[in-house]
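Beneath this line is the structure, given in structure tokens, with notes to follow.
Rule-based calculations on the coordinates, nothing more; no lab input. Here the structure is a predicted model, which is why all the values come from computation and not from measurement. Neighbour counts run over all protein chains shown; Cβ positions are idealised from the backbone, glycine included.
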Amino acid sequence: GDASLEIDLLVIGAGPGGYVAAIRAAQLGQNVLIVEKNEFGGVCLNQGCIPSKTLISAAHQYETMNRSANIGISASDVTIDFVKIQEWKSSVVKKLTSGVGGLLKGNKILTFQGEAMFINEQEARLFNENESLRYRFKHCIVATGSRPIELEAFPFGGRILSSTEALSLEAIPQSLIVVGGGYIGIELGQMYAKFGTKVTILARTPAILPGFEKDVTKLVQRKLEKEKVEVYTETQAQSVETTDHNVTVTYEVKGEKKKVTADYVLVTVGRRPNTDGDLGLDLIGVKLSERGLIEIDGQCRTNIPSIFAIGDVVAGPALAHKASYEAKVAAEAIAGQSSQIDYKVIPAIVYSDPEIASVGLSEVEAKEKGYIVKIGKFPYSANGRALSLQSTEGFVKLVADEKTGLVLGAQIVGEEASNLVAELGLAIEMGATLEDIALTIHAHPTLGEMVGEVAETALGHGIHQM
Ligand code: FAD
């Protein structure tokens, strides 16, 4: 056989888990090689967070132009060149993926374009069309991510889309069926609705966006209704017939069978970890859960001490920032530091309209944990900046421990919720109390003032709320 090349750390997969782990490990003096079979940046940069948010932002801009007449701005002949929008999206993605390439190079990280396969606990084969190399590593981080779950009755291809194809359509569809009421289905469905597509959402759950509180998701539901999106909950999508130019989905709602026809059907019913296939985790005995997730300890170490795992291949929310967080812990652990995972503060955002952001514990979760809670709720309609932005729908809700005043969690629905939640994440991380937030001077007029006000409200002395 061929002799092994030597490396300190092998990272498999260059998504927000893998590339961040590689950089952090290189900063700590490790000799690192990262292998990626597709593009740098993983799903997040190429088929996930970035392309979706780019298209969503375009859809918002289009909507804003068309709804400004009531404040005295009229635009006529606002048109969409979707090919150009897609080109712009691709240019954003390209800038970021080549940025990742530059960062890897700048940190003297070796890269291999191809696939990795374990040989044993200390060696892996890296291969592509042209070469096949055998590497011996001291440590390896598995960051191979996830892929869309494919339903047997809805095999991907042609007019049956996964999120990946839905982000790369060449033209705006006239009509679209979305199977799945989770955040990806809602984000992409609403995005196309804003571009003028007739959208039908079929969700299995009693409400869209399971995992978020009803008073929060209600506002998104209401906006979807305004956008003429048809949302069916407690609905089972059963089968699909496709022709050259459309799809017909049969679904069951309240015991009744119905049909709906559209240009495409987008199936977003969850993601599956890339821990199967040729990677060879089973071959070397890496322990997986029933769902195929890799089991790890508080430092992201698997049952095999030389092998670590991070991101969508391990349990917890499948989010880019969670992957990057674990990446740093794993790299630091490998470099001999005592870093430990603490999942208390992982913000979860839905880039719907209005946006939803949540961090820490919800009211229900806090009560379940035995806390006596203090709640503050502040409406966007009482904030000057929100008014000037024509964004009066929504609220900031704060959950605190009555005994200590410690902030336990926050839920925000409304304009810029995704950015507003950062301050509350910091508050929880630093062990801030309601007083700490209330004593912080927030600039006027900003949406951020609502964060200060909601703390005052929880303390019983809100100024702008009776
Ligand atoms: P990935 O990003 O999946 O990267 C894994 C990489 O490993 C891939 O590039 C793959 O090619 C490579 N790979 C796999 N197997 C091998 C092998 N054997 N050899 C070599 N390379 C291999 N998250 C957010 O936080 N915010 C969002 O707004 C958001 N929006 C999303 C929108 C959509 C439509 C989707 C699909 C996802 C979204 N996500 C979002 C989720 C986010 O993309 C993932 O949580 C994140 O990409 C996970 O990072 P990762 O590094 O674990 O894996």
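Are there trypsin sites (Lys or Arg not before Pro) in the stretch 368-466 that DSSP puts in a loop and that have at most 15 other Cβ atoms within 10 Å, and which ones?
On the way: sites: K369, K374, K377, R385, K397, K403; in loops: K369, K403.
Passing both the DSSP loop test and the Cβ count: K369, K403.
Provide the percentage of antiparallel DSSP beta bridges, counting only those with both residues in the chain; round to the nearest 5.
Values: 53 of 86 bridges.
Of the beta bridges lying entirely in the chain, close to 60 percent run antiparallel.
Projected area of the stretch 272-315, taken from the Cα convex hull and averaged over every viewing direction, in nm²?
2.9
Quick check: convex hull over the Cα atoms of the chain, volume per residue in Å³, rounded to an integer?
On the way: hull volume 82.9 nm³, N = 466.
Given the Cα convex hull of the chain, per-residue volume reads 178 Å³.
I'd like the per residue volume of the convex hull spanned by the Cα atoms of the stretch 1-157, given in cubic angstrom.
Working: hull volume 28.1 nm³, N = 157.
In the stretch 1-157, the Cα hull volume divided by residue count equals 179 Å³.
Below 16 Å, Cα to Cα, which aspartates and glutamates can K138 reach? Residues fewer than 8 away in the same chain don't count.
E6, D8, E121, E123, E332
With viscosity set to 0.890 mPa s at 25 °C, what whole-number translational diffusion coefficient in µm²/s follows for the stretch 234-304 from Stokes-Einstein and a Kirkwood radius over Cα pairs? Don't skip to the answer; put the middle values down first.
Values: Rh = 15.8 Å.
Result for D is 155 µm²/s.
Using the structure shown, list the pairs from K198/K223; K94/K328; K84/K226; K53/K344 with a Cα-Cα distance above 20 Å, or answer none. Mind showing how you got there, number by number?
On the way: K198/K223 14 Å; K94/K328 24 Å; K84/K226 27 Å; K53/K344 26 Å.
Listed pairs above 20 Å: K94/K328; K84/K226; K53/K344.
Would you list which lysines come within 16 Å of K287, measuring only between C-alpha atoms, while excluding same-chain residues fewer than 8 positions from it?
By straight Cα distance, K287 reaches no lysines at all.
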